[in-house]
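Student: The structure's right below; bear with me while I get my questions together.
The values are calculated or read from the model by the stated rules, or taken from the named source; none is laboratory data. Treat the numbers as computed from the prediction; the structure is a model and nothing was measured. As a convention, Cβ positions derive from the backbone with ideal geometry for all residues, glycine included, and neighbour counts pool all protein chains shown. For accessibility, only protein heavy atoms count, side chains too; no ligands or nucleic acids. Shrake-Rupley method; radii C 1.70, N 1.55, O 1.52, S 1.80 Å.
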Amino acid sequence: MSGGKTVVELRVHGVSGTPPEAMLNCPTELLERQSGDAEAGFYRRSAWIDDAASPPVDGKWRRLMEVYSWGGLTSGRASRALWLLLLPFTLINLAHWMLPPANHRLPAAVVVALLRLLALSFTLTLLLAMAVAVLDITVWQCGSMDFCSAGWGPLAFLGERSTGVRLALGALPLIVVILMLWFLGREDTSPGADTKAPPDGVVLRSELSPLGKTAFWNRDLSVPRMRACHVTAWTAGLAALVLAAPVKYTHSGAAGAVNIGLLSTNLVILGLAVAATATPSVTGRGGTQASDAMHRAVMVLRWIALGALGVTLAWVAVKGGVPDRLVASFLPGLRSSIFWLLATQALLLIGVFVGTALSMRGTPKGRPRGGDGYRPTLRGFTGPFVALVGWLLGGGLSVGGGLWAAQTLGTLVFSSGDAAKQ
């Protein structure tokens, strides 16, 4: 009911996507959108039409009709499905808010930090997946074989360049991707009228759910700091991947010293991004926030990482010391990076499950782990399982991308012996 003596009839269409004008039997130009947007919104007829059909009379009820049109959410261009590539990130963010109310703050806080690190590792998974498809299969392997690169215009151009130049140019699409994600993920985090910090990421049994607090949606400067850490990790990780080949083939003399120095610099930057992500006062929601100096340091580190990447690509293209004609093989350092990242993610997931169990430890027998009148699904482990699903999905998408690139550019083989027979 609305307005005391007014009842609103709400109509919602089915999967066929019936337009608002058909549900209200009214021309489009006489409809008024009450809220929402073109994809999903609430519509009513113009006020004068409703007044004529059901005039307001004191002491009597009047009926108004309103429709909810959500057809835009399930229709549109096929390119909209590309958001599924970011589904692992959606799931890891969702997992945080599916953690059970905790009896012990410390293990719960550790779980939240581990989930932040796991989300950062998903960014590195996306980086390595693109590195497999672009740097390894396309630039390093196909670009070094005339019969492979000759049939593709851009690859034919790359095939005529030196290996160092090919690596530097092959890194450019990966830079474009992180810049696009950086641009799309930006938001207004300037201080507003309400400067109260949002609720802490850790929820205790004795506390109200963060979703029930008015400050839940308040601006939080930990968001841009977290985004800066992801950009920094991607940038430094890409630079390290590009430097793996120069370090392998030239690790002595002046050129070797520069290669090792640049690799060490980028790994240190990557380590700082990981450390900042794991630190609650820097990237944690609510609670004690980072100082202004720390905030500036995280933001500046992002630009330092971009600068180091630019220097790295220029050096590898000109003086990296990578032989020009190599027998087709895997890009040095890539496979070991994938294995180490998978092992790290497995350990992080184990830590999330163990920490969640410890955070619920001590719940009295016969009482739900979530508190009075609340019983979480999967015995309180829904959050960890959602994070696990996100990890498996991210790995599957990564493997699929590599297989697609291999099948597009050549014949897919699974061993060096099979490759020699081709």
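Student: Take the conditions over 19 Å from the mean Cα position of the chain (by Cα) and modelled with pLDDT of 80 or more and apply them to LEU179. Does it pass?
Tutor: When the stated conditions are applied, LEU179 does not pass them.
Student: In segment 283-328, which residues are under 23 Å from the mean Cα position of the chain (by Cα), open to solvent by 40 Å² or more (accessible area, probe 1.4 Å) and β-branched (Val, Ile, Thr)?
Tutor: Hits for segment 283-328 are VAL300, ILE304.
Student: Here is a follow-up. Of everything in segment 248-257, what is touching a residue at least 24 places away in the same chain (Cβ under 8 Å) and among the hydrophobic types (A, V, I, L, M, F, W, C)? Give them in sequence order.
Tutor: Within segment 248-257, ALA255 is the sole residue that qualifies.
Student: Between ALA244, ALA215, ALA236, which is free of Cβ contacts under 8 Å to residues at least 24 places away in the same chain and assigned to a helix (DSSP H, G or I)?
Tutor: ALA215
Student: Right, something else. Please determine whether any residue of segment 329-336 is aromatic (Phe, Trp, Tyr), at pLDDT below 95 and either open to solvent by 50 Å² or more (accessible area, probe 1.4 Å) or under 30 Å from ALA387 (Cβ atoms) (or both).
Tutor: So the first thing to find is which residues in segment 329-336 are aromatic (Phe, Trp, Tyr), and the list is 330.
Subset that is at pLDDT below 95: 330.
Okay, now just the ones that are also either open to solvent by 50 Å² or more (accessible area, probe 1.4 Å) or under 30 Å from ALA387 (Cβ atoms) (or both), so 330.
Looking for residues that are aromatic (Phe, Trp, Tyr), at pLDDT below 95 and either open to solvent by 50 Å² or more (accessible area, probe 1.4 Å) or under 30 Å from ALA387 (Cβ atoms) (or both), one finds at least one in segment 329-336, hence yes.
Student: Continuing with this model, one more query. Condition first: modelled with pLDDT under 80 and either crowded, with 17+ Cβ neighbours inside 10 Å or part of a helix (DSSP H, G or I) (or both). Now tell me which residues in segment 371-401 satisfy that.
Tutor: Listed by number, the residues that qualify are GLY371, PRO376.
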